[in-house]
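Student: Take this structure, written in structure tokens, and hold onto it; I'll ask about it next.
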Amino acid sequence: MPPDPIILGGIVASGVRNAVDNANKTSAANVAHDTRQQAEAIALDVEMLFMITEVLWHIVKQQNNLTDEMLSDWVDEIDARDGIINGRRPKEQRPDCANCGRKTIAGNKKCLYCGTAIKLDLFKKY
Ligand SMILES: [Zn+2]
């Protein structure tokens, strides 16, 4: 007796659904795994930057007769520039293009309209 096409179709559809579900689970698990690895790599980078910064501060402090309190005061001064002390650098407005005066767009190193190089302050957060 030949298989009932409706039952066979249901079995095939169920198999396809299971395959898609498994592919999605595998894909989601892979994305989660990759994201976790990237987060751990960033955490290690930040830790290394903290250590390098501490060493550099130690050298600068000794060579220039500075104190930790002075550094702390300067950090507080930068933090307070936007009137909010929250441990974050305030965001600054990007400069308008020096040539055409139009707004510049984050991520662009040249003006989108005239191609003039955009000069950004390296220590400001845009
Ligand atoms: Zn321009």
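Please treat every number below as a calculation from the coordinates, not as lab data. Remember, predicted model here, so these are calculated numbers, not experimental data. Cβ: placed from backbone, ideal geometry, glycine included. Neighbour counts: every protein chain shown.
Student: Considering segment 57-112 alone, what residues qualify as being free of Cβ contacts under 8 Å to residues at least 24 places away in the same chain, within 20 Å of LYS124 (Cα to Cα) and acidic (Asp, Glu)?
Tutor: Passing the criteria: ASP73, ASP76, GLU77, ASP79, ASP82, ASP96.
Student: If you don't mind, there's one more thing I want to ask. Considering (1) within 16 Å of the ligand (Cβ to nearest atom); (2) surrounded by 10 or more Cβ atoms within 10 Å (Cβ to Cβ), say which one PRO90 fails and leave the rest.
Tutor: Condition not satisfied by PRO90: (1).
Student: Here's another thing I want to ask about it. Just to verify a result, which residue in segment 103-113, among those that are of a type outside the set (Val, Ile, Thr) and touching a Lys or Arg at 6+ places or on another chain (Cβ under 8 Å), is farthest from LYS91 (Cα to Cα)?
Tutor: TYR113
Student: Restricting to segment 56-96, count the residues that are among the charged types (D, E, K, R) and not in a helix (DSSP H, G or I).
Tutor: 6
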